[in-house]
1. Looking at (1) crowded, with 17+ Cβ neighbours inside 10 Å; (2) not in a strand (DSSP E or B), which one does A:V21 not meet, given that it meets all the others?
2. Only one of B:A180, B:A226, B:A194 is aliphatic (A, V, I, L, M), more than 30 Å from B:P125 (Cβ to Cβ) and assigned by TED's automatic domain parsing to the domain that holds B:A134. Can you tell me which?
3. Among what's in the range A:181-210 and is part of a helix (DSSP H, G or I) and without any contact (Cβ under 8 Å) to a residue 40 or more places away in the chain, pick the residue that is surrounded by the fewest Cβ atoms within 10 Å (Cβ to Cβ).
4. Do you know which of the residues in the range B:152-162 that are under 31 Å from the mean Cα position of the chain (by Cα) and surrounded by 21 or more Cβ atoms within 10 Å (Cβ to Cβ) is nearest to the other protein chains (Cβ to nearest Cβ)?
5. Can you tell me which residue among B:M445, B:M480 is in contact (Cβ under 8 Å) with a residue 60 or more places away in the chain and under 22 Å from B:P359 (Cβ atoms)?
6. Need a quick list: helices (runs of 4 or more DSSP H) entirely within the range A:32-146 having at least 3 residues that are within 14 Å of another protein chain (Cβ to nearest Cβ) and surrounded by fewer than 18 Cβ atoms within 10 Å (Cβ to Cβ).
7. What do you reckon, is B:R176 more than 13 Å from every other protein chain (Cβ to nearest Cβ) and more than 25 Å from B:C109 (Cα to Cα)?
8. Name, by its number, the condition in (1) of a type in the set (A, V, I, L, M); (2) open to solvent by 40 Å² or more (accessible area, probe 1.4 Å); (3) in a strand (DSSP E or B) that does not hold for A:A216.
Amino acid sequence: MTEPAEIVCTGLAKSFGATEVVRPTDLAFAAGQTTALVGPSGCGKSTLLRLVAGLETPSAGEVSIAGAPPAETLRQGALSMAFQDPSLLPWRTVRGNVTLALKLARQPVDAEAISRLIELVGLGGFGDTRPAALSGGMRQRAAIARAMVTRPRVLLLDEPFGAVDELTRQQLAEDLPPLWEARGATTLLVTHSVSEAVMLSDRVLVFSGRPARVVADIAVPLDRPRRASLSTDPAFLARTSEVSEALAAGMAETRPRLAAQ
Amino acid sequence: MNAVAADPAPSRRVGAFVEPLLGLAVILLGWELAARVLAGTFILASPLEVARYLAQNTGLMSRALAETLGNAALGFLWGNLAAVALATVAILWPVTQRTLSGLALLVFCLPLVATGPILRVLYGPGDGPQVTLAAMAVYYTTYVPLLVGLRAAPSSWFELIRSYGRGRGSELVHVRAMAALPYLFAGLQIAAPAAFLGAMVGEFTGAERGMGVLTIRAMRALDVPATWALACTAAAVSIAAYAAIGALARALTKAPPPVILASPDTSGLRRNKPILNAFITLVLALALWWGAMAAFDLTPFFAKRPGDVLEALLLAPDAAQTRTTLLAALGETAKLVVPGYLAGLALGAGLATLLTLVPAAAAVAMPLAVSLRSVPIVTTAPLAVLLLGRGPAGTITLVAVMVFFPTFVACLHGLRQAPGQILDVLRSYAAGPVARLVHVRLPAMLPAFFAAARMGVPASVLAVTVVEWLGTGQGVGALMALSASLSDYDMLWSSIVVVALVSVLGYAGVAWVEARILSRYAAEQVAR
């Protein structure tokens with residue numbers, strides 16, 4: 001890691017009541033890098049993302065973004081989060097939903113730039129359409145446009161392609177990442193898919209079952225832009241099998257407990 | 001008329017228009033026939049007599065209607081503004097929510113018939129009391145659904161707002177306000193007839209002009225056509241207002257948010273201490289009462305303070321006498337209101353359940369019930385007195401009808417909420433309609449049933465006190481009427497306090513049963 005760390009987690013931990021969700025963790029994320037967080041369902045990676053976004057208060061430790069608490073970054077409108085569910089407001093059109101992010105982030109509304117962005121995510125001609133009339137994949141595209149329109153320094157993606165079918169997912173994973181990579185945001189991406197994690201990121205963090213603990217930290221030094229054809233490349237396959245093995249090892253830690261239940 | 005029915009498909013539009021007209025014609029024909037049979041009994045005026053009366057007294061009736069409508073409209077405005085303000089405060093400062101809701105319920109449970117005369121002496125001459133009573137009749141039925149609506153959004157919408165560093169104000173503007181619109185309109189729809197009812201009750205209890213005044217006069221003169229003409233006008237206006245707001249709602253909420261069970265936003269409600277909450281609410285209510293009387297420097301002769309009521313009930317030389325009189329009156333009222341309330345609930349839930357077994361009948365009954373629900377039943381109290389006499393039957397029937405319609409409509413809606421996939425699971429085991437009813441539909445109906453049962457408590461107290469005030473000469477309603485005419489303000493205030501407290505306790509009792517039963521049968525809906 002040559003870049004300076006943008007996001008630093010120190011001794012970060014989170015419990016809900018008696019349930020420990022994130023074990024005390026030290027993590028650093030370099031500016032402009034994309035990091036994928038991979039782990040079994042319910043292992044606490046989404047909670048980690050929400051801690052970084054300041055949406056949860058840590059039970060112990062702290063998060064700092066560019067040397068300040070997350071709240072500061074939020075106040076500057078310099079962070080965007082995309083949720084597993086597109087979470088578009090149904091009474092606003094695509095353009096209205098994208099514009100809302102600018103208003104919330106207290107940024108000037110540039111109608112032309114919004115149109116360009118809507119075009120760029122592949123929703124040209126649908127700017128004045130309400131979410132109910134869009135397909136699942138189109139809603140995800142609109143949600144990504146909303147997340148990117150504020151040109152955030154920090155982009156948090158919580159399974160952004162989780163709620164769509166496999167074909168749409170592949171299409172979105174090919175179309176959208178170049179857009180946010182080009183903008184140089186420090187990106188954290190939660191995903192279930194090993195190949196998606198390797199395809200999209202510069203670094204993959206593999207988590208154990210709950211409470212979340214990092215079991216592997218794998219660099220992905222593959223060239224960009226990455227196309228779907230990369231998925232048969234030996235270097236790519238080597239990384240995915242490395243991630244898969246780490247994932248299996250992490251899950252094995254929790255398996256005896258499951259068997260005992 | 002069927003304001004709530006979904007947009008009909010183009011091919012059905014003609015039918016949707018003809019069916020209600022046909023129904024109306026059948027009702028009018030039956031009514032006319034019944035009136036002919038009962039001719040000379042001073043009970044029922046025929047539609048022709050009503051029409052003739054309206055034609056002959058157009059000037060009088062339209063002046064009275066304009067007066068009452070004006071009061072109702074002002075009350076509607078103020079009451080709903082109060083509801084929106086209260087709900088907004090409760091959402092922006094969740095800690096205040098329980099206390100606010102408790103106070104709002106307590107004020108809603110004040111018996112309107114007794115509040116009327118007191119407001120009259122407080123305000124002096126004018127429309128103040130009618131407007132205030134109309135406002136008091138509407139704010140709670142708007143506040144409750146609005147509070148649900150303001151929370152009815154997925155948590156990720158709120159997180160989106162917070163991820164840009166914005167707080168509750170932005171949540172309110174960008175998410176809650178829009179998500180609450182359908183709920184607000186549902187409340188406003190019910191509020192329209194309620195405002196008319198409140199204005200008329202205000203006029204029952206001593207105004208100079210308006211439909212309520214004409215009603216009292218017609219009753220005293222045993223002018224049957226006039227009584228019926230007034231009740232029919234009140235019903236028609238209420239149905240029209242209900243339908244108009246329904247149409248407005250459909251026009252304005254083009255992209256309604258999905259109907260979502262309230263998100264489990266328990267911030268501020270986490271420490272659930274019902275006794276402490278009730279105590280805080282009570283203390284605050286007493287302080288507000290005392291403060292209002294002191295702030296306006298009202299004379300203690302008619303503007304009693306909490307201490308005066310306490311003294312009248314417990315300390316004064318004639319306190320024992322006051323208590324005996326009040327308890328006896330309450331006992332008489334209880335004998336009417338409890339059977340009426342239970343019968344209304346049982347009939348409403350029972351008929352709705354029966355109708356799901358015969359879907360074709362439900363399709364016909366729904367629009368009829370919805371339009372009848374929008375009739376302010378209390379304004380038809382004079383008819384109940386005419387039809388069923390001044391004995392217990394008339395009063396019990398009126399209370400039952402008052403509770404029946406909202407319960408019936410709520411239960412029909414609730415029964416339709418049954419999750420389709422679970423019904424399919426039962427179908428895949430060849431379960432019959434009864435099994436589907438017992439295992440899926442009835443549990444799905446419970447929340448709606450209990451919501452209606454809770455609101456039925458103050459509604460039936462209102463109905464029983466109005467009938468007693470107007471006609472029967474028995475019970476706590478008559479006691480309040482007598483106290484008002486004798487200027488016995490100690491007794492009047494004591495009755496108000498005791499009736500309001502009993503209503504609140506009844507409401508809380510239903511809520512207690514609701515919480516116990518729903519936690520077993522509909523756990524996911526208790527989360528809020």
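The values are calculated or read from the model by the stated rules, or taken from the named source; none is laboratory data. Computed from a prediction, not measured in an experiment: that's the story for all the values here. Methodologically, a virtual Cβ is constructed for each residue, glycine included, from the backbone with ideal geometry; neighbour enumeration extends over all protein chains shown. Side chains are part of the model used for accessible areas, which takes the heavy atoms of the whole protein and leaves out ligands, DNA and RNA. Shrake-Rupley method; radii C 1.70, N 1.55, O 1.52, S 1.80 Å.
1. Failed condition: (2).
2. B:A180
3. A:A182
4. B:A153
5. After ruling out the rest, the residue left standing is B:M445.
6. A:70-75
7. No, not satisfied.
8. The one condition A:A216 does not meet is (2).
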